[in-house]
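Inspection log for the structure reproduced underneath, given as C-alpha cells.
The values are calculated or read from the model by the stated rules, or taken from the named source; none is laboratory data. Remember, predicted model here, so these are calculated numbers, not experimental data. Here Cβ is always computed from backbone atoms with ideal geometry, including for glycine, and neighbour counts include all displayed protein chains. Surface areas here come from the heavy atoms of the whole protein model, side chains and all, with no ligands, DNA or RNA. Shrake-Rupley method; radii C 1.70, N 1.55, O 1.52, S 1.80 Å.
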Amino acid sequence: MPRGKRIVLITGGTGFIGRRLVKKLLLQKQTHIYLVVRRASFSKAERMIEKLMLEFPSAPEQIHIVSGDLSKPTLLESAVESAQLQEKVQEVFHLAAHYELGISREDAMKANVEGTLHMLNFARGCEKLNCVHYVSTLAVAGDYKGIWHEDMLLAGQQFDNHYAYTKFLAEVEVREAAEELPVAIYRPGVVVGDSISGEMDKIDGPYYLLVPFMKLQALTRSISPLIPIFFPVAPGGDRIKCHIVPVDYVVNCLDYISRKKGIEGKTFSLTDPNPLSMREFIDIFCDKAGWVRPAINLPTDPLVWVLRLPGIKQLAQSLEPITNMPVEMIHYTAYGTKYDTTNTKEFLKGSDISCPAVKSYAGKLLAYARRYFV
Ligand SMILES: NC(=O)c1ccc[n+]([C@@H]2O[C@H](COP(=O)([O-])OP(=O)(O)OC[C@H]3O[C@@H](n4cnc5c(N)ncnc54)[C@H](OP(=O)(O)O)[C@@H]3O)[C@@H](O)[C@H]2O)c1
C-alpha cells in the first residue's frame with residue numbers, strides 16, 4: 001500500500017469489530033476515515049468519536065461521518081457525496097452486516113448479500129481504489145468436514161442458519177468481483193472479548209454456554225460459597241475444535257495485513273492456528289471459574305441430524321425464550337471443520353502479532369462477563 005495520506009471508507013465502523021478497527025487506524029495520523037453510518041446511528045457514531053478524542057485529539061479531523069445504508073443501491077444517501085468520495089477513497093473496509101444466528105432469510109439476504117453488492121458497486125466507481133477489504137466469516141465453511149483451506153469456498157458444504165448462508169453467498173459475489181477489483185478477504189472465527197481487558201459487546205458464541213453457569217454461581221454464592229457448580233457435559237468433546245478468537249487479534253490482523261503488499265486476491269483465516277478442543281476449552285473455563293469439570297463428553301451430531309428434520313428446528317426455536325440461546329449454536333459444537341491459516345501466518349511474518357492462548361485470557365473474559373452480563 002502506498003505511503004502518505006491513506007483515505008479509507010468503512011462500513012460497520014460502529015460495530016463490535018469496526019469500532020476497534022477505527023481506533024487502530026487512528027494510530028496512523030495520515031489516515032482519513034469515512035464512516036458509513038445509518039442516520040439512526042449518527043448519535044452513536046458521534047459518541048464514539050467523542051470517546052476516541054480522549055486518546056486521539058485529532059479524531060474529529062481524521063474521522064468523517066457519511067450517511068449511508070446497506071439497503072441503498074448507491075450505499076451512500078447523497079449522490080453528490082458519493083461522487084466526491086469516489087474521487088478520493090483508496091480503500092474500502094466492508095464490515096457492515098446483519099450478524100445474528102437466528103436472523104430470517106429475508107433480512108439476511110438484504111443486509112449481507114444485497115448490502116455487499118451495493119458496496120461493490122460503490123467500490124467499482126472509486127478512481128483511486130487500492131483494495132476492498134471484505135470481512136467475511138469462517139462460517140462460510142458451513143458443515144465442511146476436514147481441512148478448510150483459505151482459498152476454498154464452493155465445497156458442497158451445508159448451512160444450518162441464514163446468517164452463514166448469506167455470508168457465503170456474499171463471498172461468492174465478492175470473489176466474482178475480485179476478477180475486476182483489487183479485493184482481500186478476511187474470515188474471522190467466533191470473535192470473543194479483548195484478550196487484555198476482556199471487553200465484549202454482548203452475549204454471543206461461547207458466552208451462551210458460560211453465562212448461565214455464572215448466573216447460577218452468583219446465586220449459590222449468595223447462599224454459600226461452598227456449594228459446588230457442576231458443568232454437566234462437554235458438547236463436542238475432544239473431537240470438535242473450538243474456533244474462538246479474541247477481538248484484538250482480529251483487529252491487529254486486519255490493520256497489519258491490510259497495509260501489506262500483494263494481498264489482492266487472497267483470503268485470510270483470522271482464527272487461532274492451534275485451536276483447543278471443545279473439551280479443553282470447557283475445562284479451562286471451569287478451572288478459572290471454580291466449577292467442577294464435566295464428567296462426560298457429549299457428541300452433538302445426532303442432535304444436529306434431528307434438528308434438520310422438518311419442523312424440529314421451529315419447535316426448538318419456540319423454546320429459545322426459556323433456553324436463552326439460539327438453537328443454531330448447537331450446530332457449532334458438531335461441525336468437524338479445521339481451518340488452515342497459512343496466508344495469515346505468511347503475511348504476519350515480521351510483525352509481533354500472534355493469537356494469544358485461550359488459557360492466558362479466559363480469566364479476563366470471565367471477569368468482564370461476570371461484571372456486565374450476569
Ligand atoms: N462478531 C463475530 O463473532 C464475527 C465473526 C466472524 C465474522 N464477523 C463479521 O464481522 C463483521 C462485523 O461484525 P461485528 O461483530 O462487528 O457486528 P456488529 O457489532 O453487529 O456490527 C454490525 C455493524 O454493521 C452496521 N450495519 C448493520 N446493518 C447496516 C445497514 N443496513 N447499513 C449500514 N450499516 C449497517 C451496524 O451499524 P449500526 O451501528 O447502525 O447498528 C454496525 O456498525 C460482520 O461482517 C460479521 O459478519 C463477525
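The mean sequence distance of close C-alpha pairs (under 8 Å, at least 6 residues apart), as a share of the length of segment 20-176, puts its relative contact order at 22 percent. Can you tell me the 0 to 90 degree angle between the C-alpha axis of helix 115-124 and the longest principal axis of the chain, rounded to 10? Helix 115-124 sits roughly 30 degrees off the main axis of the chain. Rolling a 1.4 Å probe over the protein chains gives residue 100 an accessible area of about 90 Å².
Ordered by 1.4 Å accessible area with all protein chains kept, 19, 221, 370 run largest first as 221, 370, 19.
The listed residues 43, 195 rank as 43, 195 when sorted by accessible area, largest first, using a 1.4 Å probe.
Would you rank 75, 27, 129, 216 by solvent-accessible area, highest first, keeping every protein chain in place and using a 1.4 Å probe? Show your work: numbers first, answer last.
On the way: 75 0, 27 105, 129 30, 216 75 Å².
Largest accessible area first, the residues go 27, 216, 129, 75.
In the chain, a dipole from Cβ-located charges (positive for Lys and Arg, negative for Asp and Glu) runs towards its positive end, and of 174, 235, 80 it is 235 whose Cα lies farthest in that direction. With the full set of protein chains in place, find how many percent of the accessible area of segment 1-151 is carbon and sulfur; take the probe as 1.4 Å. The computed percentage sits at 52.
A cut-off of 5 Å between modelled amide H atoms, ignoring neighbours fewer than 5 places along the same chain, links residue 6 with 31, 32.
Before I look further, what does segment 227-290 give for accessible area per residue, probe 1.4 Å, in whole square angstrom?
Numbers: 2230 Å² over 64 residues.
Heavy-atom accessible area per residue stands at 35 Å².
In whole percent, how big is the carbon plus sulfur part of the accessible area of segment 204-291, probe 1.4 Å, protein atoms only? Before the final figure, lay out the partial values.
Details: 2030 of 3500 Å².
Reported share for carbon and sulfur atoms: 58 percent.
Rolling a 1.4 Å probe over the heavy atoms of the protein chains gives segment 4-109 an accessible area of 47 Å² per residue.
Shape class of the chain from the Cα gyration tensor (axes a ≥ b ≥ c, square roots of the eigenvalues): prolate, since a/c reaches 1.5 or more and a/b is larger than b/c.
Remark on residue 93: its backbone amide H falls under 5 Å from those of 9, 10, 11, 133, a criterion applied only to residues 5 or more positions apart or on other chains, H modelled at 1.01 Å from N.
The figure for residue 219 is an accessible area of roughly 110 square angstrom, using a 1.4 Å probe on the protein chains alone. This model, with +1 at the C-beta of Lys and Arg and -1 at the C-beta of Asp and Glu, gives the chain a dipole about its Cα centre of some 880 debye. Taking all protein chains together and rolling a 1.4 Å probe, residue 105 ends up with roughly 120 Å² accessible. Say the dipole of the chain comes from +1 at the beta carbon of Lys and Arg and -1 at that of Asp and Glu; which of 254, 360, 141 then lies farthest toward its positive end? Projecting each Cα onto the dipole axis, the largest value belongs to 360. Does anyone have the angle between helix 16-26 and the longest principal axis of the chain? Alpha-carbon axes, 0 to 90°, nearest 10? Tilt of helix 16-26: around 40 degrees.
The C-alpha atoms of the chain define a longest principal axis, and helix 278-289 lies at about 80 degrees to it.
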